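Taking it in order: structure first as C-alpha cells, then the write-up.
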Amino acid sequence: MLTRLGRLAVRRSRAVLLGFLLALIGLGAYGAGAQSDLDLSRWDAPGTESVRAGDRLREHFRTGNPNLALLITARDGDVDSPRTERAARELAAEVGDLPLVTDVTAYWDAGSAALRGEDGRRALILARLEGTATETREELATRSAELTRTTPELDVRVGGQEEISRQVGEQARTDFLRAELFALPAVLLLLILVYRRTVAALLTVAVGLFSVVGTLAGLRAVAQVTEVSTFAANLALVLGLGLGVDYGLFVINRYREERAAGHAQPEAVIGATRAAGRTVLFSGVTVAVSLCALLVFPFFFLSSFAYAGVFVVLTAVAGAVLFLPAALARWGHRVERPTAPASGFWHRTALAAMRRPFLAGAGVLTVLLVAASPLLGLRFGLPDERTLPEGTSSRTTSEIVHREFPAEPTDTVQVVLEGGVPDQVAGTSGYAAALSRLPGVFQVDAPEGTYRQGERTGAPGQDRLTARDGRVRLAVVPTQEAMYGDVPAFVERVRDTPAPAPALVGGYPGETTDFRATLLDRLPYAVGIVLVATYVILFLMTGSVLLPAKATVLNLLSLSVMFGCLVWVFQDGHLSGVLGFTPTGSIEPSIPVLMFCVAYGLSMDYEVFLLARITEEHQRTGDTVRAVGEGIRRSAPLITAAAGILALSFLSYATGGVVFLKELGIGTALTILVDATLIRVVLLPVTMRLAGRANWWAPRPLRRFRLKEAPARTPTASGADGANGADGPDGGEGEGVLPREYV
C-alpha cells in the first residue's frame with residue numbers, strides 16, 4: 001500500500017499537491033469557526049447521586065447550586081445600616097431580573113450568619129444561573145463587568161464558582177494563544193537548524209499546519225452531533241504541530257538516506273514512503289489508541305481529547321505519506337543534504353552503555369527512580385480558586401470570603417429527601433440536628449429552622465426549602481476549613497448520616513466528589529486499554545513477545561518521573577515562586593489522566609521509531625547488538641531533535657497563568673525529554689543487549705501475525721545495499737557480543 005502511495009505521489013505529484021492545497025484551504029475555512037461550535041464543561045459525572053440531586057432541585061424547587069456570588073462591602077462599615085440595606089436590596093432585585101437567573105438569596109433577606117462577614121463590614125448576595133456552562137459563562141462575560149461597581153453605599157465584587165470557571169477559561173485561551181504564537185516560529189527556526197535546509201523545514205511545518213486545521217475541522221463536524229470541549233482545540237494545536245514535525249523529520253531524513261545510498265530521486269521517494277511510512281503508520285495508531293482510552297470516562301471534557309487525537313493522527317499521517325512524498329518528488333533536490341554516517345554523541349553513549357550494561361543500567365535506573373519517588377506521596381484533591389493567578393478578580397473575592405467569613409455558603413451541600421411527602425417531613429428536625437453536629441458543618445437550614453451544633457437557632461425562609469408539592473430539602477453549609485480540607489470525606493459524612501427518607505446529596509462539593517470518584521473508578525480500564533493495545537501494536541510491528549513488554553515497562557518508568565515531578569513541584573510547591581502559582585497540597589485528577597494518555601502515546605511514538613529501525617537492521621544483519629547500535633546511530637539524533645521541538649511546544653504553556661496548563665506543559669515536556677534520552681539511548685540498548693536472542697522470540701503460532709514490510713533495499717552505514725549482510729544469525733559476531741568496530 002505504501003509503495004503504491006509513493007508511486008502515486010511521484011507520478012501525480014502536481015495533482016496531489018493541488019489536492020492538498022485545496023484541502024488545506026477548505027479545512028481551514030471550515031475549522032476556523034470551530035470555537036463557536038465547541039462547549040465548556042463542568043465538574044459533574046452523568047448518572048451520579050449529585051447530578052440526580054441537581055435534577056430534583058431544578059424540577060421541584062427551581063433552584064440549584066448558587067454559582068454566582070456578589071461580595072458586598074458597606075462603604076459606611078456596617079452591612080446592617082439602613083442605607084446599606086436599601087442599596088443591597090435594590091442590587092439583589094437587579095440581579096434577580098437578569099437573564100438565566102432563577103434564584104437569589106441575599107443576607108438581608110435570609111438573615112443567615114453564613115452570609116455575613118465576621119466584622120460586619122461585608123455580606124453576600126448569592127444567585128443561581130441556570131443553563132449550560134457555555135450559556136452561563138457567555139452571559140457572565142458581559143454581566144460580570146456590569147455588576148462590579150462602586151457606589152456611595154456599596155463596593156461590589158463578583159465571584160462564585162461559575163465566575164471562577166469563566167476566568168479560568170479566558171486565561172487558558174490567552175495562555176494557549178501566547179504559547180502558540182511563540183511555538184510556531186520557534187519550531188520553524190529549530191527545524192531550519194536541524195535540516196540546514198529552509199525548504200525542508202517549511203514542508204515539515206506544512207504537515208503540522210495541515211494536521212491542525214484538519215483536526216479543527218473534524219472537531220467542528222463532531223460537535224454537530226455531540227458535545228466537544230473547547231480545550232480539545234487547544235490540544236489539537238500543540239499535538240498536530242508536534243506529530244507533523246515528528247513524521248516530517250523521519251520521512252525527509254529517510255529520503256536523504258535513500259539519495260545518499262545512490263537511488264534516483266523517484267526511487268528514493270518511493271523507498272522513503274515505504275520504509276518511513278510504515279513506521280509513521282504504526283506510530284499514528286499508537287498515539288490514537290492511547291488517546292482513545294479517554295473514551296472510557298463519561299465526561300465530554302476528556303472524550304473530546306480522544307476525538308482530537310484521532311483527527312490529529314489521521315491528518316498528520318496523511319500529510320506524511322501523501323503530501324510529503326509528492327513535495328519531495330518535485331522539490332526533493334532542495335531538501336537533500338549528505339547524511340553523516342559518523343558516530344554521534346547518542347550513538348557513542350549507547351555503545352558505552354552496552355559495554356557496561358549493568359553499571360550503566362543501574363546508574364540511570366537509580367536516577368529515574370529517585371526522580372519518580374515523590375509519586376509515593378501523591379494526593380488527589382479538588383480544584384479551587386487557586387487555579388487562577390494571584391490578583392484575578394474572582395480569586396481575590398474567594399480569598400476575602402475565606403478569610404473573613406465563618407462559612408462557605410457558595411459550597412453548600414444540598415440534601416433532597418425522596419419518597420412520600422409525609423416520610424420527608426417526619427423526622428426532618430432530628431435529621432437536621434444530626435447533620436449540624438458533623439465535623440466541618442457550620443449550620444444546617446431545614447424547614448423547621450436553622451440548626452447549629454445540634455440546636456435550633458432560627459427560622460430561615462422556609463418557603464425556599466419546601467416545594468409546592470411538599471417535598472423537602474436541607475442546605476448543609478460547610479465551614480471554611482471543611483472546604484479547604486478533605487472535601488470527599490466531608491461529603492461522605494453527610495451521606496452516611498441516617499435520614500428519615502431516602503436522601504440525595506449534591507451541591508458543588510457533591511458534584512466534584514462524584515466526579516473524582518467516577519474518574520478514579522474508570523482509570524484502571526483506561527490504563528489497561530492503553531497498555532494492552534500498545535503491546536499488540538508493537539508485537540505486530542516487531543514480531544517479538546519481549547520487546548513490547550520492555551517498551552511498556554520503560555514507558556511507565558518515564559511516566560513515573562512525570563508524576564513525581566507533578567507531586568514535587570505542583571503538589572508540594574517547590575519552584576512555585578519561579579513558576580508563579582500557589583500550591584494546594586493536592587493534584588486535581590483529570591489533568592494527570594489526560595497527561596498519562598498524551599505522554600504515553602508520545603513516548604511510545606519514539607519507541608516505535610527506534611524499534612522499527614532496530615528491527616529493520618536486525619532483519620538485515622541478524623545481529624542484535626549491531627542492529628541496536630546502527631538503529632540508534634540513525635534514529636537517535638532525529639528522535640532527540642523531534643523530542644526537543646515537541647518539548648519546547650509544551651514548555652511554552654509553563655508561561656501561562658492557569659495551573660492546569662503549567663502541569664500539562666512541564667510534565668509532558670519532561671516526559672518527552674527523559675524518554676528520548678535516558679530511556680531510549682541508555683536503558684533500551686542495555687536491556688536489548690542483556691536479552692540477546694530472546695528479544696526476537698515469539699511462540700510459533702503467533703509469528704504469522706507479524707505485519708511484515710515489503711522487501712526493500714536498505715541503505716547501510718557505509719551507504720551500500722546489503723553490506724555486512726554475512727553477519728547473520730549463523731555468522732559474524734553473534735548475539736549479545738559487541739562487534740569489533742564497536743569495542
- Name the pairs whose Cβ atoms lie under 7 Å apart, with the first residue in the stretch 98-117 and under 16 Å from Gly160 (Cα atoms) and of a type in the set (Val, Ile, Thr), the second open to solvent by less than 30 Å² (accessible area, probe 1.4 Å) and assigned to a strand (DSSP E or B), and 6 or more positions between them or separate chains? Val101/Ala127; Val101/Arg128; Val101/Leu129; Thr102/Arg128; Val104/Ile125; Val104/Ala127; Thr105/Leu126
- Of everything in the stretch 230-256 that's open to solvent by 10 Å² or more (accessible area, probe 1.4 Å) and at pLDDT 90 or above, which residue is nearest to the chain's Cα centre (by Cα)? Phe250
- Query: Which condition does Val104 not pass, out of (1) touching a helix residue (DSSP H, G or I) at 6+ places or on another chain (Cβ under 6 Å); (2) at positive phi, if it passes all the others?
  - Reply: (2)
- Note on the structure: Turns out the helices (runs of 4 or more DSSP H) fully within the stretch 341-427 with at least 1 residues that are at pLDDT below 90 and open to solvent by 30 Å² or more (accessible area, probe 1.4 Å) are 345-355, 421-425
- Note on the structure: Residues in the stretch 31-74 that are modelled with pLDDT under 95 and over 23 Å from Pro478 (Cβ atoms) total 16
- Item | Matching residues, the stretch 107-148, being more than 11 Å from Leu68 (Cβ to Cβ) and of a type in the set (A, V, I, L, M) | Ala110, Ala113, Ala114, Leu115, Ala123, Ala133, Ala141, Ala145
- Taking Gly631 as the residue in question, decide whether it is closer than 30 Å to Gly381 by Cβ and either open to solvent by less than 10 Å² (accessible area, probe 1.4 Å) or not in a helix (DSSP H, G or I) (or both). no
- Message: Looking at the stretch 59-84 only, could you name the residues that are assigned to a loop (DSSP other than H, G, I, E, B), over 45 Å from the mean Cα position of the chain (by Cα) and free of Cβ contacts under 8 Å to residues at least 60 places away in the same chain?
- Response: Gly77, Asp78, Asp80, Ser81
- Could you list, in sequence order, the residues of the stretch 458-486 that are closer than 19 Å to Gly160 by Cα, of a type in the set (A, V, I, L, M, F, W, C) and in contact with a Lys or Arg (Cβ under 9 Å, 6 or more places away or on another chain)? Ala475
- Message: When you scan the stretch 377-394, do you find a residue that is among the acidic types (Asp, Glu), in contact with a Gly (Cβ under 9 Å, 6 or more places away or on another chain) and closer than 18 Å to Arg464 by Cα, even just one?
- Response: no
- Exclusive hit being in contact with a helix residue (DSSP H, G or I) (Cβ under 7 Å, 6 or more places away or on another chain), surrounded by 21 or more Cβ atoms within 10 Å (Cβ to Cβ) and basic (Lys, Arg), set Arg522, Arg613: Arg613
- Message: Against the definition (within 25 Å of the chain's Cα centre (by Cα) and open to solvent by 10 Å² or more (accessible area, probe 1.4 Å)), how does Asp605 come out, yes or no?
- Response: no
- Message: Condition (residue is outside any helix (DSSP H, G or I) and closer than 30 Å to Leu237 by Cβ) applied to the stretch 158-179: is it met by at least one residue?
- Response: no
- Restricted to the stretch 540-564 and to residues being open to solvent by 20 Å² or more (accessible area, probe 1.4 Å) and in contact (Cβ under 8 Å) with a residue 60 or more places away in the chain, the residue farthest from Ile614 (Cα to Cα) is Phe563
- The listed residue being over 21 Å from Leu594 (Cα atoms), modelled with pLDDT under 90, open to solvent by 10 Å² or more (accessible area, probe 1.4 Å) and out of contact with any Phe, Trp or Tyr (no Cβ under 6 Å at 6 or more places or on another chain), out of Ala221, Ala186: Ala186
- Message: Considering only residues that are charged (D, E, K, R) and modelled with pLDDT of 90 or more, which ones fall in the stretch 482-497?
- Response: Glu492, Arg493, Arg495, Asp496
- Task: Name every residue in the stretch 1-23 that is open to solvent by less than 90 Å² (accessible area, probe 1.4 Å) and of a type outside the set (A, V, I, L, M), in order of residue number.
- Result: Thr3, Gly6, Ser13, Gly19, Phe20
- Spot the failing condition for Thr655; the list is (1) of a type in the set (S, T, N, Q); (2) over 22 Å from Val536 (Cβ atoms); (3) open to solvent by less than 10 Å² (accessible area, probe 1.4 Å), and only one is missed. (3)
- When you scan the stretch 216-318 for helices (runs of 4 or more DSSP H) that lie fully inside it, which ones turn up with 1 or more residues that are aromatic (Phe, Trp, Tyr) and closer than 19 Å to Val205 by Cβ? 230-260, 300-318
- Task: Among the residues of the stretch 103-125, write down those that are in a loop (DSSP other than H, G, I, E, B) and open to solvent by 40 Å² or more (accessible area, probe 1.4 Å).
- Result: Gly111, Glu118, Asp119, Arg121
- Within the stretch 162-175, can one find any residue that is within 20 Å of Leu91 (Cα to Cα), under 22 Å from the mean Cα position of the chain (by Cα) and not small (Gly, Ala, Ser)? yes
- Item | Total residues in the stretch 126-157, condition part of a strand (DSSP E or B), open to solvent by less than 50 Å² (accessible area, probe 1.4 Å) and under 18 Å from Asp76 (Cα atoms) | 3
- Could you tell me which of the residues Thr273, Thr226 is under 28 Å from Ser41 (Cβ atoms) and of a type in the set (Ser, Thr, Tyr)? Thr226
- Item | Subset of the stretch 584-634 (residues that are polar (S, T, N, Q) and closer than 30 Å to Glu399 by Cβ) | Thr584, Ser586, Ser590
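The values are calculated or read from the model by the stated rules, or taken from the named source; none is laboratory data. Bear in mind that the values here come from a model prediction, so they are computed numbers and not experimental data. Don't worry about glycine lacking a Cβ; one is built from the backbone with ideal geometry, like all the others, and counts go over all protein chains shown. Keep in mind that these areas ignore ligands, DNA and RNA; they rest on the heavy atoms of the full protein, side chains included. Shrake-Rupley method; radii C 1.70, N 1.55, O 1.52, S 1.80 Å.
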